[in-house]
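**Student:** First the structure, which I've put down as structure tokens, then a few questions once you've had a look.
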Amino acid sequence: MIHRRDNSNNKSISGKNITLAVLVAVSFFILLYAPLRNTITQTVYVIAPTVWGFGDRVTDARDSFFANFRNRDFLVKENEMLLIEVDRMEAQVLDRNLLAEKVTKLEEALGRVRSDNRVVADVVAGPGRSPYDTLVIDAGAEEGINIGDVVVYSGSSIIGEIVETAPASSKVKLYSSPGEEQFVIVGQRNLPVVALGRGMGNFEAKVPQDSVVAVGDSIVSVKGDLIFGTVSSIEEKPAEPFKRLFFRAPFNITEIRSVEVIADKHF
Amino acid sequence: MKKRVIFDLVLLGAVFYTPWWTVAILASLGAFLLPPYYEIIAFGILIDILYGARSLSLGGMLGTVAAFIIFLTASYAKKAVR
């Protein structure tokens, strides 16, 4: 009796193992065989943007419903604060426009006019949802986006590059993805370093102990026209030949709602 | 069976609308509480298809590999507590 039960248990275990082995084989075939993976991705991406769009509409409706119950005084104060903030930002934009105008004139004088072909795209799924630190945007091959195109936020902050395109959507790999390495320039002395991604808009870099770097220094791309972030802290130990710089993107990466893809610009 | 379908739908919604760690917690629960929860592999593939790419870490198979690890860990854990 006991012997028979053991046999049925063994059969069940071996059945499970066979099922699991088949699943392993099928899964890895789907993911490793590029044409099949691409076909499935294209098919999924016919439906996925609609599903994400539905979720966003539900979130908006919920937010506007609960906004009705918020304290009136709080809303008045918040409105005042926002108006002050808008004034401050308008002044900054004015200043920035003047600077941009000056730069354009200088570039024209030097015969180096930049002619970026930028595509604006909304973010449909942010890095919080993805275990890969990727963004999914609603512009793809139909808008002229190609693999390797640089993605920027707010005009001049470089955040990543396109790694996969579908007709109407693309995936963006963030440069801050854990383990990603990028050559960058630190500070006013143009110190070249390798920035290592630490996830969610954070980076780390090592510079020689005697380098002149301060908290607040800008980190820019090698070509010098796109911003990576600013140095937020420096860790140095006298016994070590290097000091570690920690820097982050100048905005919260999870709050990005739209980005610009510079078509045909590779980093 | 009905519970299983409802759980699958909840997990499907989580893949689209919640952070990856919520999906991982829910999937672990499913793998531990439901009899052989093979669907977890399909959800792993879906995560890789939705958010991953071949040029990313583990060749864009992080979700599937994690799903297998959760499945196997839950199987051993179930055996250990029964």
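The values are calculated or read from the model by the stated rules, or taken from the named source; none is laboratory data. Because the structure is predicted, anything quoted here is derived from the model rather than measured. Note that each Cβ is placed from the backbone with ideal geometry, even for glycine, and that neighbours are counted across all protein chains shown. We work out accessible area using only protein heavy atoms, side chains counted, and drop any ligands, DNA or RNA first. Shrake-Rupley method; radii C 1.70, N 1.55, O 1.52, S 1.80 Å.
**Student:** State the percentage of accessible surface on the protein assembly as shown attributable to carbon and sulfur atoms; use a 1.4 Å probe and exclude ligands, DNA and RNA. The partial results should precede the final answer.
**Tutor:** Values: 12770 of 20570 Å².
Looking at the protein assembly as shown in its full context, I get 62 percent from C and S.
**Student:** Within 10 Å, count the other beta carbons around each residue, average over each peptide in A:184-193, B:47-56, A:151-160, and list them highest first. Spell out each step's value before the answer.
**Tutor:** Details: A:184-193: 16.3, B:47-56: 23.0, A:151-160: 20.3.
Going by the mean number of other Cβ atoms within 10 Å, highest first, we get B:47-56, A:151-160, A:184-193.
**Student:** Please tell me the relative contact order of chain A in percent, rounded to the nearest whole number, where contacts are Cα pairs under 8 Å and at least six residues apart.
**Tutor:** Numbers: 420 pairs, mean separation 42.8, N = 267.
Relative contact order here is 16 percent.
**Student:** Turning to a different aspect of this structure: For segment A:126-247, what are the per-bin percents of Cα-Cα distances with bins 5 Å wide, up to the bin holding the maximum?
**Tutor:** It works out to 2, 11, 20, 21, 17, 12, 8, 5, 2, 1, 0, in whole percents.
**Student:** Calculate, for chain B, the solvent-accessible area per residue in square angstrom, rolling a 1.4 angstrom probe over the heavy atoms of the protein chains. Write out the running numbers ahead of the final one.
**Tutor:** Values: 4230 Å² over 82 residues.
Value for chain B: 52 Å² per residue.
**Student:** When ligands, DNA and RNA are left out and all protein chains stay put, how many square angstrom of accessible area per residue does segment A:139-256 have with a 1.4 Å probe?
**Tutor:** Working: 5390 Å² over 118 residues.
Counting only protein heavy atoms, the per-residue value for segment A:139-256 is 46 Å².
**Student:** Let me ask something else about it. Structure shown: which of A:Lys16/B:Lys3; A:Lys105/A:Lys243; A:Lys171/B:Lys2; A:Lys105/A:Lys171 lie over 29 Å apart, alpha-carbon to alpha-carbon? Mind showing how you got there, number by number?
**Tutor:** On the way: A:Lys16/B:Lys3 22 Å; A:Lys105/A:Lys243 40 Å; A:Lys171/B:Lys2 35 Å; A:Lys105/A:Lys171 35 Å.
From the list (A:Lys16/B:Lys3; A:Lys105/A:Lys243; A:Lys171/B:Lys2; A:Lys105/A:Lys171), the Cα-Cα distance tops 29 Å for A:Lys105/A:Lys243; A:Lys171/B:Lys2; A:Lys105/A:Lys171.
**Student:** Only protein chains counted, 1.4 angstrom probe. Which residues of segment B:1-39 are at least 30 Å² less accessible in the assembly than when their chain is isolated?
**Tutor:** B:Phe16, B:Tyr17, B:Trp20, B:Tyr38
**Student:** Among A:Asn79, A:Phe66, A:Gly53, which residue has its Cα furthest toward the positive end of the charge dipole of segment A:42-113, with +1 on Lys/Arg Cβ and -1 on Asp/Glu Cβ?
**Tutor:** Among A:Asn79, A:Phe66, A:Gly53, the one farthest towards the positive end of the dipole of segment A:42-113 is A:Gly53.
**Student:** Turning to a different aspect of this structure: Give, to the nearest whole percent, the P(r) tail of segment A:42-113 beyond 17 angstrom, counting all Cα pairs.
**Tutor:** On the way: 1831 of 2556 pairs.
The calculated P(r) of segment A:42-113 puts 72 percent of pairs beyond 17 Å.
**Student:** Something else now. Using square roots of five times the C-alpha gyration tensor eigenvalues, list the equivalent-ellipsoid semi-axes of chain A in whole Å, biggest first.
**Tutor:** After diagonalising the Cα gyration tensor, the semi-axes are 42, 28, 23 Å.
**Student:** Residues of segment A:15-30 with accessible area at least 10 Å² lower in the all-protein-chain context than alone (1.4 Å probe)?
**Tutor:** Going by heavy-atom accessible area, the residues of segment A:15-30 that drop by at least 10 Å² are A:Lys16, A:Thr19, A:Leu20, A:Leu23, A:Val24, A:Ser27, A:Phe28, A:Ile30.
**Student:** Compute the Kirkwood hydrodynamic radius of segment B:2-81, taking the inverse of the mean of 1/r over all pairs of distinct Cα atoms, and give it in Å to one decimal. Before the final figure, lay out the partial values.
**Tutor:** Values: mean 1/r = 0.0786 Å⁻¹.
Kirkwood hydrodynamic radius for segment B:2-81: 12.7 Å.
**Student:** May I ask which residue of A:Gln42, A:Val212, A:Thr165 lies farthest towards the positive end of the charge dipole of chain A, with charges of +1 (Lys, Arg) and -1 (Asp, Glu) on Cβ and the Cα centre as origin?
**Tutor:** Of the candidates, A:Gln42 comes out farthest on the positive side.
**Student:** Can you tell me the dipole magnitude for chain A around its Cα centre, using point charges on the Cβ only (Lys, Arg +1; Asp, Glu -1), in Debye to the nearest 20?
**Tutor:** Its charge dipole is roughly 1180 debye.
**Student:** While we're here: Report the residue, chosen from B:Gly30, B:Gly63, B:Gly13, that carries the largest GNM mean-square fluctuation when chain B is represented by alpha-carbon nodes joined by springs under 10 Å.
**Tutor:** B:Gly13
**Student:** Right, another one. Quick check: the angle from helix A:72-110's long axis to the longest principal axis of chain A, C-alpha only, nearest 10 degrees?
**Tutor:** It is inclined by approximately 70 degrees.
**Student:** For segment A:45-177, which semi-axes, largest first and in whole Å, follow from the square roots of 5 times the eigenvalues of its Cα gyration tensor? Walk me through the intermediate numbers first.
**Tutor:** On the way: eigenvalues 194, 161, 28 Å².
One finds semi-axes of 31, 28, 12 Å for segment A:45-177.
**Student:** Under the definition of partner shielding as Cβ atoms of other protein chains within 10 Å of a residue Cβ, what is the mean value for peptide B:56-66?
**Tutor:** Going residue by residue through B:56-66 and averaging, the value is 5.
**Student:** Give me the dipole magnitude in Debye, nearest 20, for chain B about the Cα centre, with unit charges on the beta carbon: positive for Lys and Arg, negative for Asp and Glu. Don't skip to the answer; put the middle values down first.
**Tutor:** Values: 7 positive and 3 negative charges, 71 e Å.
So the magnitude is around 340 debye.
**Student:** Which of these, A:Ile137, A:Ile18, A:Ile219, has the largest mean-square fluctuation under a Gaussian network model of chain A (Cα springs below 10 Å)?
**Tutor:** A:Ile18
**Student:** Just by accessible area at a 1.4 angstrom probe, what is the order of B:Ile45, A:Ile147 from largest to smallest? Show your work: numbers first, answer last.
**Tutor:** Numbers: B:Ile45 25, A:Ile147 105 Å².
The most accessible residue leads, giving A:Ile147, B:Ile45.
**Student:** Go through segment A:32-115 and name the trypsin sites (Lys or Arg not before Pro) that are in a DSSP coil and have 16 or fewer other Cβ atoms within 10 Å of their Cβ.
**Tutor:** Values: sites: A:Arg37, A:Arg57, A:Arg62, A:Arg70, A:Arg72, A:Lys77, A:Arg88, A:Arg96, A:Lys102, A:Lys105, A:Arg112, A:Arg114; in loops: A:Arg70, A:Arg112, A:Arg114.
For trypsin sites (Lys or Arg not before Pro) across segment A:32-115 that sit outside H, G, I, E and B with at most 16 neighbouring Cβ atoms in 10 Å, the list reads A:Arg70, A:Arg112, A:Arg114.
**Student:** Right, another one. Could you report the buried accessible area between B and A, both sides summed, computed with a 1.4 Å probe and given in Å² to the nearest 100?
**Tutor:** Using a 1.4 Å probe on protein heavy atoms, the buried area is about 3000 Å².
**Student:** At a Cα cut-off below 13 Å, give the aspartates and glutamates reachable from A:Lys237, other chains included and same-chain residues fewer than 8 away excluded.
**Tutor:** Hits, sequence-local ones excluded: A:Asp210.
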